[in-house]
Amino acid sequence: MATIVQFENVGLRYGSGTETLSDISFSLQSGAFYFLTGASGAGKTSLLRLMYLAQRPSRGIIRLFGEDAVVLPRDRLPGFRRRIGVVFQDFRLVPHLSAWDNIALPLHVAGMPVAEINEAVREMLAWVGLADRAEARPATLSGGEQQRVAIARAVIARPELLVADEPTGNVDPEMADRLIHLFGSLGKLGTTVVVATHDLHLLTRLPQAQMMRLDRGRLHDPTGLLRFPTAAA
Amino acid sequence: MSENRTARVLDEARGLRAMVWVMAIMLFLTVLAAALGLGTASAGRLLDRQLAGRLTVQLVGGDARASDAAAGAVLARLRRMPQVTRAVAVPRADLVRLLRPWLGEAAEDGELPVPAMIDVDLRDADDASVARVAGQVRAASPLARVDRHQSWMSPVSGLMRTLTWLAAALVALLALATAIVVVLTARAGLEAHRGTIEVMHMLGSTDVQVARLFQRRIVRDAAMGGLVGTAAAMGMTALVGGQVSRLGSELLGGILLAPLDWALLAALPFLFMGVATLAARWTVTRALRHNL
Ligand SMILES: Nc1ncnc2c1ncn2[C@@H]1O[C@H](COP(=O)(O)OP(=O)(O)O)[C@@H](O)[C@H]1O
Ligand SMILES: [Mg+2]
């Protein structure tokens, strides 16, 4: 299995306070599923932001897809970001666009022909159970529906790495279950999935998932599988 | 991204709507200034062309009979010269009529020393051939004085040139002002759409792709306003042109625009759209460089 993400002694400090993240070291394998847990404020969102290149670390080494992501020049970021799907904690849907157009955005950005985009979006809407809300604006969708649009947008371009920040926070337990199994099925396509959640119930739903636990900015690795360098290496 | 979807990403950019009006006003002023510049330039050219090859020979002094005789000799000499295309004596009656407002009845008095005058058109307007003709005229009669029209009309030509340069400067300043308006509008748009831009970046949009969103939007608004302003100004120009041509003045008639001038005016909104595109692209890509 190839290493998709590798953190080595990563630290993150916002402004001049104490470090929000300290000495983070782990590696993620392609096609595997990871839960990132921890109390609110533990640093889950911060860690994910480092992973999807929305934030540069204050120190340490981050390798993505085998390349140094810390010194990556600006003009190479879009290429990396197109290989990463992100479900933002606050969804970040474009408010003026319909559900359909929001989901289509990554494919437009990648320059896919419109006919192929339409096919993919139709399939994706059905997959998240929103076929009948295609033309709805985000403001007219419920929280759970917005979350599913955000998930559809994150996975439509078949990213190699999917990062989801509390992606089941706004849906009922039944839908949460369904979504987690959808995420789980992405592994079969080779997608590495990282889901941040503080919903302990979810953790029991996917037996193949590995755990990462953040506690006040430090990473605990209950299974020992994430240790860097990896046990196999 | 497809055209229509792209435009809608920034759909609620109300700040951008003001562009339509600003551009309408800018292009209205620009096209008027350009029309003035093109008109004065063409009038100046016409004036130069007409005056450059034209001389007036006056035969001053002596009595009427003597100056008439001298005029006859000069005329005969002029008509033999190959570089002269036309030489005609101005009829004394015409001169008298011209002078009457100043001299009253005295102008008709045969005793008054009204000079004889000859209008001369030359094939070539260069100084050398003018000097050659003037030399021969003076040799034909010591009474002859040669005037180049250019020398007394040159203040008018100078005015035309000044007006042309002024108009060119106005067009340049308006283009600059337009670029500044676009920069400010693009900055306001960047601020208003900070969230959307961040999302687009996270989805893998390049700076150029994001800039294109603004560019298309700004240029579309600029085009709409620009075409309205241009149409209004061209209508105004045509109206003024119609009034000028009804005056029937030879001097003012030169100010009328040729088809090429009209084509240049019609091209102005496209030039300004180009300026707007570059200004929008420059502003957005420059601002985005500071993002991650
Ligand atoms: N942009 C930021 N600027 C300053 N502090 C931040 C910023 N983002 C997060 N923090 C702080 O970092 C800590 C971790 O936050 P976060 O990563 O959002 O944790 P979690 O997602 O686990 O709730 C919190 O104390 C939070 O206040
Ligand atoms: Mg969080």
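Give the residue, chosen from A:25, A:40, that is open to solvent by 10 Å² or more (accessible area, probe 1.4 Å), away from every other protein chain (no Cβ under 11 Å), assigned to a strand (DSSP E or B) and among the hydroxyl-bearing types (Ser, Thr, Tyr). Before you say what the answer is, go through the steps one by one.
Working: A:40 fails: assigned to a strand (DSSP E or B).
Exactly one residue qualifies, and that residue is A:25.
Name the pairs: first residue in segment A:160-172 and in contact (Cβ under 8 Å) with a residue 24 or more places away in the chain, second residue among the basic types (Lys, Arg) and away from ligand 1 (no atom under 15 Å from the Cβ), Cβ to Cβ under 8 Å, at least 6 apart or on different chains?
A:160/A:83; A:161/A:83; A:171/A:148
Would you mention how many residues in segment B:191-235 are charged (D, E, K, R), under 28 Å from residue A:76 (Cα atoms) and open to solvent by less than 20 Å² (accessible area, probe 1.4 Å)? Can you show your working first?
Initially, segment B:191-235 is screened for residues charged (D, E, K, R), giving B:191, B:194, B:198, B:207, B:212, B:216-217, B:220-221.
Among the residues that remain, those that are also under 28 Å from residue A:76 (Cα atoms) are: B:191, B:194, B:198, B:207, B:212, B:216-217.
When the remaining residues are screened for being open to solvent by less than 20 Å² (accessible area, probe 1.4 Å), the result is B:217.
Of the residues in that region, 1 qualify.
Residues being buried (at least 21 other Cβ atoms within 10 Å of the Cβ) and over 22 Å from residue A:51 (Cβ atoms): count how many of those fall in segment A:108-126.
Within segment A:108-126, the subset buried (at least 21 other Cβ atoms within 10 Å of the Cβ) is A:109, A:117, A:121, A:124-125.
Applying the additional criterion that residues be over 22 Å from residue A:51 (Cβ atoms) yields A:117, A:121, A:124-125.
Here the count works out to 4.
Just wondering, is there one or more residues in segment A:175-194 that are within 14 Å of another protein chain (Cβ to nearest Cβ), buried (at least 23 other Cβ atoms within 10 Å of the Cβ) and within 16 Å of ligand 2 (Cβ to nearest atom)? First the steps, then the outcome.
From segment A:175-194, those within 14 Å of another protein chain (Cβ to nearest Cβ) are none; that's our starting set.
No, every residue in segment A:175-194 fails to be within 14 Å of another protein chain (Cβ to nearest Cβ), buried (at least 23 other Cβ atoms within 10 Å of the Cβ) and within 16 Å of ligand 2 (Cβ to nearest atom).
Please find, within segment B:42-70, the residue that is farthest from residue B:262 (Cα to Cα) out of those that are open to solvent by less than 40 Å² (accessible area, probe 1.4 Å) and not in a helix (DSSP H, G or I).
Ranking the qualifying residues of segment B:42-70, first place goes to B:61.
More than 16 Å from ligand 2 (Cβ to nearest atom) and under 11 Å from residue A:93 (Cβ atoms): does that describe residue A:137?
On the way: more than 16 Å from ligand 2 (Cβ to nearest atom): yes; under 11 Å from residue A:93 (Cβ atoms): yes.
Yes: the conditions hold for residue A:137.
Whether any residue in segment A:1-19 is surrounded by 15 or more Cβ atoms within 10 Å (Cβ to Cβ), of a type in the set (S, T, N, Q), modelled with pLDDT under 95 and within 16 Å of ligand 2 (Cβ to nearest atom) is what I want to check.
No, segment A:1-19 contains no residue that is surrounded by 15 or more Cβ atoms within 10 Å (Cβ to Cβ), of a type in the set (S, T, N, Q), modelled with pLDDT under 95 and within 16 Å of ligand 2 (Cβ to nearest atom).
Exactly one of (1) modelled with pLDDT of 90 or more; (2) outside any helix (DSSP H, G or I); (3) closer than 17 Å to residue B:36 by Cβ is unmet by residue B:262. Its number?
(2)
Hey, could you check segment A:140-154 for residues that are open to solvent by 10 Å² or more (accessible area, probe 1.4 Å) and modelled with pLDDT of 90 or more and say which is nearest to ligand 2 (Cβ to nearest atom)?
Here the answer is A:146.
Looking only at segment A:97-106, decide whether some residue is within 16 Å of ligand 2 (Cβ to nearest atom) and free of Cβ contacts under 8 Å to residues at least 60 places away in the same chain. Spell out how you get there, then give the answer.
The initial filter retains those residues of segment A:97-106 that are within 16 Å of ligand 2 (Cβ to nearest atom), namely none.
Checked segment A:97-106: no residue is within 16 Å of ligand 2 (Cβ to nearest atom) and free of Cβ contacts under 8 Å to residues at least 60 places away in the same chain.
Anything in segment A:155-166 that is within 16 Å of ligand 2 (Cβ to nearest atom) and either closer than 19 Å to residue B:200 by Cβ or within 13 Å of chain B (Cβ to nearest Cβ) (or both)? List them, or say none. Let's see the steps before the verdict.
Step one: of segment A:155-166, the residues within 16 Å of ligand 2 (Cβ to nearest atom) are A:163-166.
Within segment A:155-166, A:163, A:165 qualify.
The values are calculated or read from the model by the stated rules, or taken from the named source; none is laboratory data. Everything numeric in this text was worked out from a predicted model, so none of it was measured. Neighbour counts are summed over all protein chains in view; Cβ atoms, including those assigned to glycine, are modelled from backbone coordinates with ideal geometry. Surface accessibility is based on the protein's heavy atoms, side chains included, excluding ligands, DNA and RNA. Shrake-Rupley method; radii C 1.70, N 1.55, O 1.52, S 1.80 Å.
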